[in-house]
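*Asks:* The structure follows.
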Amino acid sequence: MWRYVSNIQPPKKKCKTSDGDKEVAKVYENSKRVRSFQPQWLCHPDFKEWLRYDKDANLMFCKICEKACINQSAPGKSTTVKTELVGGCSSMRIESLQKHFKSIIHTRNAEAAKAAAAPKGTTEAERCIQMLNEHAIRRLKILFRTCHSLAKHGRPFRDYIWLTQLDELKGLEIGNTYRNVPKCKEFTDAIAEVERQKLEREVSQAPYISLMCDESTDASVIEQLIIYIRYTKGGIVQTAFLGLQMLERATAENCFTEILAALQEQCGMERDTVWKKLVGFGSDGASVMTGKRSGVAARLKEHQPQLVAVHCVSHRLELAIKDAMKTIPLYQKMDQFLLSIYLFYHNSPVNRGLLRRTAEALQVKRFLPTRTGGTRWINHTQLALKNLLTGYPVITQHLLEIKDDHNTSKDSRGKSAGFIKLLHSKTFVDFIHFMVDIVNILARLSLLFQKADLNYAQLPKLVKDTVSSISKVPTHLGPTLREFRRKVGEDGHFHGVELDGPVVENCVMDSVATRLQECISSRFDVADNEPQVAAMAKIIDFKLWPIVEEEDFGNEELALLVDFHRIMLQNCGNPDMVEVEWAGIRSSIYNHFKPVHTTTWDQVNSRFREDGPNLLFLVDLLLTIPSHSVECERGFSQMKRIKTDWRNRLSSSTLTSLLRILLESPRESEFDPLPAIHYWNSSARRARRPFQLRYGSRQLTSGDTDESDDEVLSNDESEG
């Protein structure tokens, strides 16, 4: 045939197999191959998610299909077809795994497992249900916004009822259902749960975490343990409210147990994960928290020896000031005077009313004395001194009136005479002005210590600058004292009041400054007691970096930090590569960021994360270590706003939800209620019926229909 077709060559005939090839094939077919499991199959991209090998039985299994078979064999569930890898496959061939991977049964089970592991509201079926009824969603948005606003302002659940009635009077369409107190609490829990899930996702992605704890008593005389969590995300420090745990007794054992329980409940962290991530613990310094033998910090160090336990720097500053002023008689007299004159007007409405009348006559707006005690922060002492000096002419005028008024009680006249004696003393008033300059320096340090993003590395420089400023006050008088002496030096009068006696002696001012320097330095002597803190400061704080790059800068400090935190660094990277990456990252920072003192670690992370991942893991670890527990104090202040004498039956879980919304959720103008609505809808056991009337038979309005699309359905109903 091919001879009749031009320009085409006929196909070549198949060559016969040679005798040698026939003998090789015969030997291959007759010999028995010994097949074995290959460990690299466990890392194969198609098999690593589900393949399991039992070495003792020499069988291969599919974890996904095994779990699906167990779940579907439960009572009331339809049984599934078992595949070969459910009972165990002994055929050690990669073709067996590929066949199972492409099978219909495995594909279906893998999709079901993926949907079950997905967060609520993210699966395709749930998204379809969420969009069934936009009309109902619009109504629920109004109700959820109302609940969110109530929680943000610390209002009781019962306000929800009259607020919904007010919305209805305004012409808003909110329906007839879900307008009672239980539903308000249910909506509030849904909003708080969405915020909790956000926190859980962020904490799971953070390489390291730290905890800050404190205990207090609420309005119902129940011991509460408040817990905050601190973590670093891309060089940015984040501090978030974790939870509020009820304590039967405020013992170290109970606090330790509740801390681990809160991490499990709020972040889904098992104990093994906690010990791999926990690097710092901050508290107020109470013996329950910082006891060397059985305190909470000691119990945490039993499981994580590299844990850095921090005594809150704001509390330490208060203790240092208290220690310094114990031996200064003039300060003790001033402190007692501020408290006594505050109580003199606070406990007497008559005295307060007459003082107000005198202030109106003299046209002075700020005149009422304020209390210095009650809270720990030195800023309240600063406010009390400021109010005393501002209202000085009003207070002295009123006290003189009381002293000369025989209709006033002897007790009030006697107290006013004592107050006038001090307020007319040049030594006493001069010392008050001197203390204003001192307290201004301390108050600034206290405010810096209370910043949420303050890291432990900044501590030595702040303390050094404060001590230096205090040492200069006696020789180079502060602005407040200079202005006072300038006014009094002219005619000896202060606000029209003639002062008697000399100014405060220099030795008194020197003793105050010296005692403060000694006590602050001893309380914050981190350079000698904690050498890793000084090393941390040199690496973390860009303000301590030299202006021009130095070849050996930071090498010794970095080696000290790597050795101290080596075990924790091994959980996220390779600690041996930190010092290798340091020289390159340091040079890149000097080349790309000028001046280097204005650089931040989030800028470094965004630019050089791939070039120095191990070094930046160390930076994240150091930034995560807390320096204070001030957030716990703020949390307790908010707790007392919510749980009052009128709401003393709030449980810890409800109080946690309300605090989470108050502290962590966005403002009303930025709040998006849709995620909370979708979570609330998908978590229902029965169908949600936003159009059902509360009483009587259902009557449809012109805007309603009787179709199923007019309901927000639950997952079970939609699948049924």
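The values are calculated or read from the model by the stated rules, or taken from the named source; none is laboratory data. Bear in mind that the values here come from a model prediction, so they are computed numbers and not experimental data. Every residue, glycine among them, receives a Cβ derived from its backbone with ideal geometry; neighbour counts consider all protein chains shown. Keep in mind that these areas ignore ligands, DNA and RNA; they rest on the heavy atoms of the full protein, side chains included. Shrake-Rupley method; radii C 1.70, N 1.55, O 1.52, S 1.80 Å.
*Asks:* At a Förster distance of 30 Å, what's the computed FRET efficiency of L448 paired with D491, Cβ-Cβ distance as r, to 0.05?
*Replies:* In this case the efficiency is close to 0.15.
*Asks:* Could I ask something else about it? So how much slack lies between E202 and W646, counting 0.36 nm per residue of separation and subtracting their Cα-Cα distance, in nm?
*Replies:* Fully extending the segment from E202 to W646 adds 156.3 nm.
*Asks:* Find the eigenvalues of the gyration tensor of the Cα atoms of the range 531-624, then list the square roots of 5 times those eigenvalues as equivalent ellipsoid semi-axes, largest first, in whole angstrom.
*Replies:* Semi-axes from the Cα gyration tensor: 20, 15, 12 Å.
*Asks:* Name the long-range amide H neighbours of G285: under 5 Å, sequence gap of 5 or more, or other chain; modelled H, no Pro or chain starts.
*Replies:* The answer is C312.
*Asks:* Given the -39500 (n - 2.57) contribution per DSSP H run of 4+ residues, what per-residue ellipticity at 222 nm results for the chain, rounded to the nearest 500 deg cm²/dmol?
*Replies:* Result for the chain: -17500 deg cm²/dmol, rounded to the nearest 500.
*Asks:* Can you work out ³J(HN,Hα) from phi for every residue in the range 452-458, in order, using Karplus 6.51 cos²θ - 1.76 cosθ + 1.60 and θ = phi - 60°, giving whole Hz and x for Gly and Pro?
*Replies:* 5, 8, 5, 10, 5, 6, 7
*Asks:* Something else now. Applying a 10 Å radius around every beta-carbon, put 645-656, 214-225 in order of their mean neighbour count, most first.
*Replies:* Per-residue Cβ counts within 10 Å, averaged per peptide and sorted highest first, yield 214-225, 645-656.
*Asks:* Sticking with this structure for a sec: For the range 614-659 and the range 386-425, compute the distance between their C-alpha centroids and round to whole Å.
*Replies:* Between the Cα centre of the range 614-659 and that of the range 386-425, the gap is 44 Å.
*Asks:* Nearest 5 is fine: what % of DSSP beta bridges in the chain come out antiparallel, could you say?
*Replies:* Around 75 percent antiparallel, to the nearest 5.
*Asks:* Between A684 and E483, 0.36 nm times their residue separation minus their Cα-Cα distance comes to what?
*Replies:* 65.4 nm
*Asks:* R0 = 35 Å: FRET efficiency of R371 with L172, Cβ-based, nearest 0.05?
*Replies:* 0.15
*Asks:* Let me ask something else. Pick out, from S204, L422, F494, the residue whose Cα sits farthest towards the positive end of the charge dipole of the chain, with +1 on the Cβ of Lys and Arg and -1 on the Cβ of Asp and Glu.
*Replies:* Ranked along the dipole, the leading option is S204.
*Asks:* Across the range 637-642, in residue order, what do the Karplus-derived ³J(HN,Hα) couplings come to in whole Hz, using 6.51 cos²θ - 1.76 cosθ + 1.60 with θ = phi - 60° and x for Gly and Pro?
*Replies:* Computed from phi, the couplings for the range 637-642 are 4, 6, 4, 6, 5, 8 Hz.
*Asks:* Further question on the same structure: Mean shadow of the range 214-301, computed from the convex hull of its alpha carbons, in nm²?
*Replies:* Mean projected area for the range 214-301: 6.2 nm², to one decimal.
*Asks:* Return, for the Cα atoms of the range 318-524, the radius of gyration and Dmax in Å, separated by a comma.
*Replies:* When restricted to Cα atoms, the range 318-524 yields Rg and Dmax of 18.2, 62 Å.
*Asks:* On to the next question. Could you check the spin-label model distance between K326 and L674? Points 7 Å from the Cα along Cα→Cβ, value in nm.
*Replies:* Inter-label distance under the simple model: 6.1 nm.
*Asks:* Once you wrap a convex hull around the alpha carbon atoms of the range 229-373, what is its projected area averaged over all directions, in nm²?
*Replies:* Projected area, direction-averaged: 14.8 nm².
*Asks:* Return the whole-Å distance between the Cα centroid of the range 490-544 and the Cα centroid of the range 202-218.
*Replies:* 33
*Asks:* Can you give me the relative contact order of the chain as a percent, contacts being Cα pairs under 8 Å and 6 or more apart?
*Replies:* It rounds to 19 percent for the chain.
*Asks:* If you don't mind, another one. Given R₀ = 41 Å, what would the calculated FRET efficiency be for A361 paired with D465, taking r from the Cβ atoms and rounding to 0.05?
*Replies:* Computed FRET efficiency for A361 and D465 comes out at 0.40.
*Asks:* In the calculated pair distance distribution of the chain, what percentage of Cα-Cα distances lie above 40 Å?
*Replies:* Within the chain, distances greater than 40 Å cover 56 percent of Cα pairs.
*Asks:* Let me ask another. Under a plain spin-label model, where a point goes 7 Å from the Cα along Cα-to-Cβ, how far apart in nm are K48 and T514?
*Replies:* 6.9
*Asks:* Per residue, how many Å² of accessible area does the chain show with a 1.4 Å probe?
*Replies:* 54
*Asks:* Using θ = phi - 60° and the Karplus curve 6.51 cos²θ - 1.76 cosθ + 1.60, what whole-Hz ³J(HN,Hα) does each residue of the range 652-662 get, with Gly and Pro shown as x?
*Replies:* Karplus values, whole Hz, x for Gly and Pro: 5, 5, 5, 5, 5, 4, 5, 5, 5, 5, 5.
*Asks:* What nm value, rounded to one decimal, do you get for the distance between E111 and D525 when each label is placed 7 Å out toward the C-beta?
*Replies:* 7.1
*Asks:* Now for a different question. If I take every Cα pair under 8 Å that is 6 or more residues apart in the range 377-497, average their sequence separation and divide by the length, what percent do I get for the relative contact order?
*Replies:* Over the range 377-497, the number comes to 31 percent.
*Asks:* Moving on. Please report, as a whole percent, how much of the solvent-accessible surface of the chain comes from carbon and sulfur atoms (probe radius 1.4 Å).
*Replies:* 50
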